[in-house]
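First comes the structure, then the notes that go with it.
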Amino acid sequence: MIAVNNLSKFYRGFSSNYQRILSVVSLGLFSGTKSYFALDSISFQANPGEIIGIIGRNGAGKSTLLKILSGVSHFDSGTMKINGVLRPMLELGVGFNAELTGRENILFNGLLWGYSKSELKFLENQIFEFAGLLGYEDQILKNYSTGMIMRLGFALATANRPDVLLIDEALAVGDASFQIKCLDRFKEFLASGSTILVVSHDLQLMGAICTKILVLEKGKSEFFGATTPALRKYIEILGRSESKLSFSEDLVKNFSIELIDENSSTRNIFFIGTLVSLIFKFQFKEKIKRVTAGFQIDDNRGIRVYGINTHILKNEILDITKDCEYKVKFTFPLNFREGKYSIGISLHEGDSHTEGCYLWKDAVLDFEIERIDQPKFDGLVYLPTKCEWSRAGDKK
């Protein structure tokens, strides 16, 4: 179990070269007048059997938080409590010696991990088997590939179950089959009562495996809770914060969205394979040279299923007139598995919302897909999409 309450960490810096010199002369007694918070009043709780994801942009404070929880770094205020044996996986393969064999590295690094010699002797064969490295035990490490070293590091770190496991970008280890083995091992740990904290930029994976997600932005907690709203919050942050221009949602007015079937009937329940049209209407409050309209579909776990826009389809909307209604029509088959989905919409410049966003709305329309005649299937599919747009008053 992990309990964090109002945890803060700040760093001091220098606003001038004079301050740097003064710090050297004073042997570090003067540490500079400029400071910033790497973490600011972070609070959350992770219980046994839960896997908590931590997401955020680069520099949001994710790795800093894991370093504090693992004891590598200290914090300046707040409290934290960790029950049980903690094992951090901040960087796989760190501490391995390229001149030693795999077997020798397991021994020396295992002792640093807190294993006893008897444990390592008992687990050695299991470690190499899990890593897929049987037969390479007595090869020196510099003959290993990078992937082999990472697999060995992961296998060593997870050879027995810790009470608390901290993982920093260590889920993308090896090929797809090895990643499945890693996830299966996590499931075993969770079923036995472990608590796992994971930092990753893989949003689909985080949405699929996490119980809850903590969203960090500039050292502050923007959201902590269920995965779907957490992922939506993060996407919103990306849309607002990474734009070259300010987020100009007040430039758009009277926008609406509807999903219709082949008979032009508005519905929210469809069968697999139904050809639908997404109709998006909007007006701008001022003249705009060009605009990209797009949509994205998320499943009930918040995992992005599909997304497309007029720029990708080479059909950008040009010469936007003030107060004129525009209609964008996307047509595509609903070749998704059965379940509940939501649609989000966006208006922006260029290829993506990071190039100047005028409107970003997640989960503005919910719909459901049912399976009747089709056989059961799994996996995500590509949707071939047609796009049309028109301006009110234009001649057909």
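The table that follows gives values for the structure above.
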{"quantity": "Region 47-238, Rg to Rh (Cα coordinates; Rh as Kirkwood inverse mean 1/r)", "calculated": "0.98"}
{"quantity": "Protection-proxy order for peptides 1-8, 69-76, 53-60, each taking the mean of Cβ atoms within 10 Å per residue, highest first", "calculated": "53-60, 1-8, 69-76"}
{"quantity": "Net lengthening on full extension, Asn300/Asn268 (0.36 nm per residue, minus Cα-Cα)", "calculated": "10.1 nm"}
{"quantity": "Label-reachable residues, region 81-121, where backbone N falls under 20 Å from a point 7 Å from Ile140's Cα toward its Cβ", "calculated": "93-109"}
{"quantity": "Segments 17-26, 189-198 sorted - mean Cβ within 10 Å per residue, highest first", "calculated": "189-198, 17-26"}
{"quantity": "Cα→Cβ-extended label distance, 7 Å offset, between Arg371 and Asp202, nm", "calculated": "2.4"}
{"quantity": "FRET efficiency estimate (nearest 0.05) - Cβ-Cβ, Lys81 to Ser118, R0 45 angstrom", "calculated": "0.90"}
{"quantity": "Shape parameters for region 190-237, alpha-carbon atoms, Rg then Dmax in Å", "calculated": "11.1, 35"}
{"quantity": "Residue-by-residue Karplus 3J(HN,Hα) for region 116-130, coefficients 6.51, -1.76, 1.60, Hz, glycine and proline x", "calculated": "8, 4, 5, 4, 5, 4, 6, 8, 3, 5, 5, 5, 5, 5, 4"}
{"quantity": "Mean projected area (nm²) of the alpha-carbon convex hull when the chain is viewed from all directions", "calculated": "26.3"}
{"quantity": "Charge tally in the Cβ shell below 12 Å around Gly61, where Lys, Arg are +1 and Asp, Glu are -1, Gly61 excluded", "calculated": "+3"}
{"quantity": "Options Tyr326, His74, Phe10, ranked by Cα towards positive dipole end of the chain, top entry (Cβ charges)", "calculated": "Phe10"}
{"quantity": "Peptides ranked, highest mean first, by Cβ atoms within 10 Å: ranges 125-132, 142-149", "calculated": "125-132, 142-149"}
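All of the numbers you see were taken from the coordinates with simple rules; none came from a lab. Quantities reported herein were computed from a predicted structural model and do not represent experimental measurements. Using ideal geometry, Cβ is built from the backbone for each residue, glycine included, and neighbour counts are taken over all protein chains shown.
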